[in-house]
Every structure is written in structure tokens, then in C-alpha cells.
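The values are calculated or read from the model by the stated rules, or taken from the named source; none is laboratory data. From a predicted model like this one, the values you see are computed outputs, not experimental measurements. Neighbour counts are summed over all protein chains in view; Cβ atoms, including those assigned to glycine, are modelled from backbone coordinates with ideal geometry.
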Amino acid sequence: MALPAGPGTGPVIGEDGLARCPWAGGPGTMRDYHDTEWGRPVHGEAAHLERLTLEAFQSGLSWSTILAKRPAFRAAFCDFDADAVAAFGEADVVRLMGDASIVRNRRKIDAAILNARATVALREQEGLPALIASFAPQRPPAPATVEEVATTSPESLALSKELKRRGFVFVGPTTMHALMEAIGIFDPHLVGCHRRGRAHLG
């Protein structure tokens, strides 16, 4: 998820007195996501596949839209069990294209199935979680303002290339940078945000 640019783009103080990244300044779903999930590590293959899939579906849409539909995505994609999704056929694609509770985009649905199959294949090697983690930056960014926040990085470009080499699709460097932010490959919070430096503390 990209952070919005604009004036006054350092951390903002909420009505509860806590400083947060500007996109999470007001109460609601986005603030809850910022405070409890964004930038925190996830564990297990299904959790990584879910985030990779949802970031791909988010392309061109708002993250709040994806969050609102996440329960439906989990139901539609078998809680992102890679074996189950990898077994999807044309009848499943037709079913998903008729499901108004998710984002009905044929290319993204096809990508989700292909990526599940690629995830299963990765088990014979290091596995999806370990592969993604191996691209963690040696010098994590420490932005103080939104203007300093990158949307790609050398690491996200390298991860994108490697995933494509392993058979994944819809994994461009911008999407992979957002994934790395979301799952805590590095701390994405602005310096001064109350969540900065706390991702591994809960």
C-alpha cells in the first residue's frame, strides 16, 4: 500500500494523543490496520500467500477496499491454502468471476491460482516465506516524511525478478515493495510514528 503525498506529511497526532503515519490519522479500519497489522511479521506459507495475493488484487484500487473484502477473499480462496487454490480449474474461475464480494478481475484471479501453484513448487526449495525474507534490505529505510517514502527499492526489484523466475506473476517491484512493508520485512512506519520500532514487540 502506498502512502499518500501532500502537505504536512510527517506523523500526525490523533485525538487519542498518538502519532501515526498520515494515512492512519483518523479512527476507522485503516487506523486499526496501521496499529495492529501493517509492518508486523506474518508467519507461515498461507499468511505470506494471502498478503502477496491481496497486494496484487489491490493494484489500481484502494487498500481500504481490499481490507473490507478480505473476509470474502479468504472464503473464496480457501484461506489461502496453496494446495487448494493450486487445484482450482476453470469452473472455479467462473465461480470467482461471479462472486461480487471480491474483486472480479480475470487476470488477477488467474494470477492468484498461478501463484498458488508456484508456492507449492517452492516447497522443494526454500519455500515462499524464506524466499521473501531473504530480500530484506541490509540498511532498512527510516523515512521521516511521506515524501521520503519510496515505492520501490533495489530489494523489491530483485524480489520481483526472482519471483517471476520462479513462476509467479503480478509481482512487480512496486507491489513487492508494498508487500515487504506490509509483512514487516522492514519497518515501514515513519520516524516519530508510535508504531516505529515496535513491529516485533506486538
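Values as computed for the structure displayed
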| read-out | value |
| --- | --- |
| Selection within region 73-87 - aromatic (Phe, Trp, Tyr) and either touching an Asp or Glu at 6+ places or on another chain (Cβ under 6 Å) or closer than 10 Å to residue 112 by Cα (or both) | 77, 80 |
| Single condition residue 165 does not satisfy, out of (1) more than 15 Å from the chain's Cα centre (by Cα); (2) within 20 Å of residue 47 (Cβ to Cβ) | (2) |
| Close pairs from region 37-51: first farther than 12 Å from residue 116 by Cα and outside any helix (DSSP H, G or I), partner among the acidic types (Asp, Glu) and modelled with pLDDT of 95 or more, Cβ under 9 Å, at least 6 apart | 38/181; 39/181; 39/187; 42/50 |
| Candidate set: region 25-70, residues that are in contact with a strand residue (DSSP E or B) (Cβ under 9 Å, 6 or more places away or on another chain) and at pLDDT 95 or above; chosen: the one nearest to residue 122 (Cα to Cα) | 34 |
| When residues of region 103-123 are limited to those that are under 11 Å from residue 167 (Cα atoms) and polar (S, T, N, Q), the one surrounded by the most Cβ atoms within 10 Å (Cβ to Cβ) | 119 |
| Qualifying residue in region 151-162 (condition: of a type in the set (Ser, Thr, Tyr), at pLDDT 95 or above and over 17 Å from residue 190 (Cα atoms)) | yes |
| In region 161-171, the residues that are surrounded by 18 or more Cβ atoms within 10 Å (Cβ to Cβ) and either in a loop (DSSP other than H, G, I, E, B) or of a type in the set (Ser, Thr, Tyr) (or both) | 168, 170, 171 |
| Given (1) touching a strand residue (DSSP E or B) at 6+ places or on another chain (Cβ under 9 Å); (2) under 24 Å from residue 61 (Cα atoms), number of the condition residue 152 does not satisfy | (1) |
| Count of residues meeting criterion [under 17 Å from the mean Cα position of the chain (by Cα) and in a loop (DSSP other than H, G, I, E, B)] in region 82-115 | 2 |
| Filtered residue count, region 150-174, keeping only those that are within 18 Å of residue 130 (Cα to Cα) and among the hydroxyl-bearing types (Ser, Thr, Tyr) | 2 |
| Yes/no for residue 188 being under 30 Å from residue 26 (Cβ atoms), touching a residue at least 40 places away in the same chain (Cβ under 8 Å), assigned to a loop (DSSP other than H, G, I, E, B) and within 17 Å of the chain's Cα centre (by Cα) | yes |
| Subset of region 55-70 (residues that are farther than 14 Å from residue 171 by Cα, crowded, with 17+ Cβ neighbours inside 10 Å and among the charged types (D, E, K, R)) | 69 |
| Qualifying position, being among the aliphatic types (A, V, I, L, M) and loosely packed, with under 13 Cβ neighbours inside 10 Å, among 47, 91 | 91 |
| Complete set of residues in region 124-160 that are exposed (fewer than 15 other Cβ atoms within 10 Å of the Cβ), of a type in the set (D, E, K, R) and free of Cβ contacts under 8 Å to residues at least 40 places away in the same chain | 124, 126, 139, 148 |
| Residue pairs meeting the criteria (Cβ under 9 Å; at least 6 apart or on separate chains; first at pLDDT below 95, in region 71-94; second in a helix (DSSP H, G or I)) | none |
